[in-house]
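Remarks on the structure that follows.
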Amino acid sequence: MAPRRNTGIKEFYAQKKNTPPVKSKDRTPATKRQIDTVPAAYDDARPSTGTLGSDSAQPAALIAKGRRDYNDDIDNMEEVLRQFDMNMKYGPCIGVPRLERWERASKLGLDPPQQVKVFLERAGGISDCLWEGRV
Amino acid sequence: MQAMEVDTDSHHLERKQADYKGQDERYLLRMQRYRGQQYSHLYYFRLHKFREILNTLIQKRWPNLPSCTILGLEDGKECIIVGTVYKQMQLKPSVLDEYSKERSVTPIAQPHNFMHPDDYLILEDDSGRVKLTGNVLSPSMYVTGVVAALHGKEGSDGDFYVQSILEAGLPPQHPLHSGYSLKDNKYIVLVSGLMVGSMKSNPLQFQLLVDYVTGHSGDEQEQSMAAQIVRVIIAGDSVDMQQSLLAGQSLGLKEQRRLAEPIKELDLALTQLAAAMPVDIMPGPNDPANFSLPQQPLHKCLFSGASAYNTFVSATNPHQFDLDGVCFLGTSGQNIDDLGKYSDAKEKLDYMERTLKWRHLAPTAPDTLGCYPFTDRDPFVIEDCPHVYFCGNQKKYASRLLEGSEGQVVRLVCIPSFCETGSAVVVNIRNLECHLLTLSTSSLVG
């Protein structure tokens with residue numbers, strides 16, 4: 001006979017979740033919202049961006065409503081692409097793939113940075129803009 | 001194409017011909033895939049395009065004044081701003097009214113014109129927006145979507161006091177008949193609002209028109225006049241589909257046949273027409289084509305008889321083409337009718353003149369006029385000034401010769417609805433004169 005487990009209230013609350021911690025490699029907003037339970041405003045332990053000792057390279061502009069991007073895979077390439085997205089000179093970024101927006105800017109004579117095109121075509125930059133799927 | 005031989009004499013009457021170049025590529029959607037984009041790209045492109053045009057004009061007119069962005073406006077400093085006009089209208093129907101106002105059993109009477117004395121204008125560019133004040137700009141003349149340059153200064157209350165306005169003006173025009181020398185009169189017939197299949201249309205009247213134009217009716221003098229007609233343009237609303245049948249349930253065979261009858265009737269007439277001379281047909285607000293501008297050409301399967309002829313051209317709405325060096329541009333009327341709902345003018349020709357001066361066919365698209373959300377262009381920007389600018393499905397015929405500041409000459413034509421007036425417009429492409437062609441059956445009815 002198997003040992004009888006205590007099924008009191010304490011034991012119920014002592015149960016631990018047995019799902020492994022989610023390592024989000026993918027960028028879907030759904031998984032992000034699951035992890036992000038602590039609003040960044042309360043997060044005093046981490047120094048804010050740009051100060052000495054901060055480990056986050058994420059610029060303040062991208063922390064909308066206190067959500068932090070826990071995925072530290074935002075490398076230099078994605079950073080450059082995001083700055084391209086946010087630049088008002090080339091028009092709205094939502095609704096068009098980044099490369100198409102670059103081509104449009106180039107056709108209009110706005111001289112967009114060549115590096116962005118290289119990232120999108122060869123280095124495997126993400127083709128959807130920053131807000132794709134989030135808005 | 002040779003006309004029919006006259007019975008008594010043996011000499012032929014040859015129909016004149018003119019070189020036709022269709023220029024509808026910019027209005028065709030082709031393989032565009034809708035990816036869920038919104039209209040911001042269209043407005044961005046429009047602002048960018050007009051900013052380029054206006055910057056050169058600003059340099060000429062106000063060479064000493066600085067240009068600035070709207071967010072960069074300083075109190076009291078005289079400067080120039082360029083942006084898109086937005087008209088705040090309280091009577092403009094909004095989908096949000098469903099939630100804010102109580103639902104009444106009967107809808108409040110729909111005004112045909114949504115203007116109100118309290119409407120005001122706002123100028124918006126990619127940095128911000130500012131309310132416009134002053135007597136120079138009359139809100140009743142402008143609509144949302146016009147791009148203009150304004151000269152003035154910001155007041156202490158944050159509003160921009162306008163001192164003068166610079167619109168893009170008429171675009172440059174190619175010289176008339178460039179490359180062709182026209183000695184004889186050649187005519188083009190513009191007709192719209194045939195509404196085949198509706199209670200209002202008179203089939204005999206339409207048949208009379210077809211017979212006259214193809215040269216089947218009239219004596220030798222009439223036939224020789226008809227032989228000078230080189231093309232017919234049908235500017236929209238050619239059929240009246242019985243909407244009551246499309247109540248949502250699936251149609252039985254009998255209903256399907258009844259629905260297709262007006263199209264078949266139109267096809268018969270078009271076959272006669274296409275056998276005799278070149279015909280262009282444009283879709284209109286009531287035709288079986290897509291709703292939003294630019295309307296795509298009516299499908300060839302609707303015209304099984306007429307589309308067999310190479311003289312039959314199914315065109316887009318708006319339609320642009322070149323005939324013997326004369327540039328034509330026109331719509332089936334949706335753009336002008338929409339302007340009539342949101343602004344004020346004495347005549348429809350005034351609206352047409354304004355669209356030319358604003359260099360934009362349909363400034364209210366996409367705000368109040370359905371439009372495809374282009375991401376890479378705004379096809380309604382008028383690049384070259386046409387020689388003949390027409391607008392279909394109007395209540396009555398009107399025409400004016402407009403002269404631009406740089407020698408442009410445009411014939412503006414409002415084509416009356418054929419089912420109501422029995423009239424078509426005939427334009428002489430040699431000298432841009434036009435007159436009305438009316439067919440009446442009243443003396444025949446006993």
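The values are calculated or read from the model by the stated rules, or taken from the named source; none is laboratory data. Keep in mind that what you see is a predicted model, and the values were worked out from it rather than measured. We place every Cβ from the backbone using ideal geometry, glycine too, and count neighbours over all the protein chains shown. What goes into the accessible areas is simple: the full protein's heavy atoms, side chains included, and nothing from ligands, DNA or RNA. Shrake-Rupley method; radii C 1.70, N 1.55, O 1.52, S 1.80 Å.
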| Residues of region B:163-199 that turn out to be out of contact with any Lys or Arg (no Cβ under 6 Å at 6 or more places or on another chain) and buried (at least 20 other Cβ atoms within 10 Å of the Cβ), as a count | 11
| task | For region B:13-23, indicate whether the set of residues that are within 30 Å of A:Lys107 (Cβ to Cβ), open to solvent by less than 30 Å² (accessible area, probe 1.4 Å) and at pLDDT 90 or above is non-empty. | result | no
| note | Taking region B:188-227 and keeping only residues that are under 23 Å from B:Cys391 (Cβ atoms) and of a type in the set (Ser, Thr, Tyr), one is left with B:Ser192, B:Ser198, B:Ser201
| Among the residues of region B:366-383, which ones are within 14 Å of another protein chain (Cβ to nearest Cβ) and within 15 Å of B:Thr316 (Cα to Cα)? | B:Tyr372
| query | What number of residues within region B:338-356 are touching a strand residue (DSSP E or B) at 6+ places or on another chain (Cβ under 9 Å) and either touching a residue at least 40 places away in the same chain (Cβ under 8 Å) or under 29 Å from A:Trp102 (Cα atoms) (or both)? | reply | 8
| said: Cβ contacts < 8 Å: first residue closer than 15 Å to B:Val230 by Cβ, restricted to region B:427-440; second residue open to solvent by 20 Å² or more (accessible area, probe 1.4 Å) and β-branched (Val, Ile, Thr), any location; separation 6+ or different chain. Result? | reply: B:Leu432/B:Val409
| Can you name the residue in region B:27-37 that is exposed (fewer than 14 other Cβ atoms within 10 Å of the Cβ) and over 18 Å from B:Asn317 (Cβ atoms) and is also farthest from the other protein chains (Cβ to nearest Cβ) among such residues? | B:Met31
| task | Out of the residues in region B:286-296 that are in a loop (DSSP other than H, G, I, E, B) and touching a Gly at 6+ places or on another chain (Cβ under 7 Å), state the one that is most open to solvent (accessible area, probe 1.4 Å). | result | B:Phe291
| task | Residues that are open to solvent by less than 10 Å² (accessible area, probe 1.4 Å) and among the aliphatic types (A, V, I, L, M): find the strands (runs of 3 or more DSSP E) completely inside region B:334-446 holding 3 or more of those. | result | B:409-416, B:423-428
| request: Starting from region B:119-131, keep only residues that are within 14 Å of chain A (Cβ to nearest Cβ), then list their pairs with residues that are in a strand (DSSP E or B) and polar (S, T, N, Q) whose Cβ atoms are within a distance under 8 Å, requiring at least 6 positions of separation or different chains. | output: B:Glu124/B:Thr84; B:Asp125/B:Thr84
| said: Looking at region B:124-170 only, could you name the residues that are over 14 Å from B:Asp75 (Cα atoms) and small (Gly, Ala, Ser)? | reply: B:Ser127, B:Gly128, B:Gly134, B:Ser138, B:Ser140, B:Gly145, B:Ala148, B:Ala149, B:Ser164, B:Ala168, B:Gly169
| message | Looking at region B:239-249, can you tell me whether even one residue there is in the same structural domain as B:Val427 (by TED's automatic domain parsing), within 23 Å of the chain's Cα centre (by Cα) and buried (at least 23 other Cβ atoms within 10 Å of the Cβ)? | response | yes
| request: Return a yes/no flag: does region A:44-53 have any residue that is open to solvent by 70 Å² or more (accessible area, probe 1.4 Å), out of contact with any helix residue (DSSP H, G or I) (no Cβ under 8 Å at 6 or more places or on another chain) and modelled with pLDDT of 85 or more. | output: no
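Are any residues in region A:86-130 within 14 Å of chain B (Cβ to nearest Cβ), charged (D, E, K, R) and assigned to a loop (DSSP other than H, G, I, E, B), and if so, which ones?
Step one: filter region A:86-130 for residues within 14 Å of chain B (Cβ to nearest Cβ), giving A:86-112, A:127-129.
Next, only the ones that are charged (D, E, K, R) stay: A:89, A:98, A:100-101, A:103-104, A:107, A:111, A:128.
Residues satisfying the conditions are A:Asp111, A:Asp128.
Could you pull out the residue among B:Gly236, B:Gly248 that is at pLDDT below 95, closer than 25 Å to B:Leu329 by Cα and among the small types (Gly, Ala, Ser)?
Numbers: B:Gly248 fails: closer than 25 Å to B:Leu329 by Cα.
Being at pLDDT below 95, closer than 25 Å to B:Leu329 by Cα and among the small types (Gly, Ala, Ser) holds for just one of B:Gly236, B:Gly248, which is B:Gly236.
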| remark: For region B:38-68, the count of residues that are open to solvent by 60 Å² or more (accessible area, probe 1.4 Å) and either more than 10 Å from chain A (Cβ to nearest Cβ) or more than 33 Å from the chain's Cα centre (by Cα) (or both) equals 9
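Residues to consider are B:Gly422, B:Gly404; find the one that is touching a Ser or Thr at 6+ places or on another chain (Cβ under 6 Å) and of a type in the set (Gly, Ala, Ser). So that I can check it myself, show each step before the final result.
Details: B:Gly404 fails: touching a Ser or Thr at 6+ places or on another chain (Cβ under 6 Å).
Answer to the selection: B:Gly422.
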| said: I'm trying to understand the selection: among the residues of region B:69-96, which are in a loop (DSSP other than H, G, I, E, B), open to solvent by less than 40 Å² (accessible area, probe 1.4 Å) and of a type in the set (A, V, I, L, M, F, W, C)? | reply: B:Ile70, B:Leu73, B:Met89
| task | Could you grab the pairs with beta carbons closer than 7 Å, sequence gap of 6+ or different chains, first residue in region B:56-73 and more than 12 Å from B:Leu150 (Cα to Cα), second one open to solvent by 30 Å² or more (accessible area, probe 1.4 Å)? | result | B:Leu71/B:Ser127; B:Leu73/B:Glu154
